[in-house]
Amino acid sequence: MHTATAAADLPYTEFPGCARFYALLDAAVALGTPEAVTDALRQALITLIHDPSIRLPDAVRQPVAGHYARRELYRSPRYGYSVVAMTWGPGQSTPLHDHDGRWCVEGVWEGELEVSRYELIDSDGERARFYLAETLRAAPGSAGSLIPPHEYHILRNPHDDAVAVSVHVYQAPLMQCARFHHDQDDWYVREQSCLMTDTID
């Protein structure tokens, strides 16, 4: 199970280079419009990933048995966005899911992720139809964005012998999302899920 972290009580997680890290994200989110913000955040994450002076907390390199780990680093009191570091043990993945109507920018900090993007065809409330739009490998130092309604996807660590780390910047804290479990043909059953975070020790 994911355990709740005290992120709301801690303005940000400290680590080497964190001042530059948070300043670049603030500058990008201050641009306002989703397209401008996500474009700037993609460039900011690529810059930060390649900056040797920035080192994420050691805890984000530790996978959690049974699920990918979500560790919140920051909630911006000024702009409202949230930063979550995710740790992917070998073969760990998400189900097909959305982002509850929020934009998100995702950068691969270490390792590699497989990203499968889906497009919604139809929905009857409890079920939804999708088609697989594309699947790609995201290498370290790469970043991508999701802007609703194009927010349905699966993330997976495709390797059975390596850990991956990614950083996700959400428009607002992502506390819940819809998960979709395959039913038949291109139909999926919708399940509303609460999202928790793992502690940073």
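Quick check on the stretch 159-201: take the gyration tensor over C-alpha atoms, sort the square-rooted eigenvalues as a ≥ b ≥ c, and tell me if it's rounded (a/c under 1.5), prolate or oblate.
The shape class here is oblate.
Before rounding to the nearest 500, sum -39500 (n - 2.57) across all DSSP H runs of length at least 4 in the chain and divide by the residue total; then give [θ] at 222 nm in deg cm²/dmol.
Helix-only estimate at 222 nm: -4500 deg cm²/dmol.
Using the Cα centre of the stretch 7-194 as the reference point, and only Cβ charges (+1 on K/R, -1 on D/E), how large is the resulting charge dipole? Debye, rounded to the nearest 20.
560
Could you pull out every residue, at least 5 positions away or on a different chain, whose amide H is within less than 5 Å of the one on His159? Hs are placed 1.01 Å off N in the peptide plane, and Pro or chain starts have none.
The answer is Gly91.
I need the semi-axes of the equivalent ellipsoid of the chain: take the C-alpha gyration tensor, multiply each eigenvalue by 5, square-root it, list largest first in whole angstrom.
They are 26, 19, 17 Å, listed from largest to smallest.
For a quick check: with amide H placed at 1.01 Å from N, whose amide H comes under 5 Å from Trp103's, ignoring anything fewer than 5 positions away on the same chain?
Those qualifying (amide H under 5 Å, at least 5 residues apart or on another chain) are Gln171.
Tell me, what HN-Hα J-couplings in whole Hz come from the Karplus equation 6.51 cos²θ - 1.76 cosθ + 1.60 at θ = phi - 60° for each residue of the stretch 72-88, using x for Gly and Pro?
Whole-Hz 3J(HN,Hα) from phi for the stretch 72-88: 7, 9, 6, 10, 6, x, 8, 10, x, 7, 10, 10, 10, 8, 10, 10, 10.
FYI, it's all coordinate maths here, none of it is from the lab. Fair warning: this is a prediction, and the values are worked out from it, not measured in the lab. FYI the Cβ positions are ideal-geometry reconstructions off the backbone, even for glycines, and counts take in every protein chain you see.
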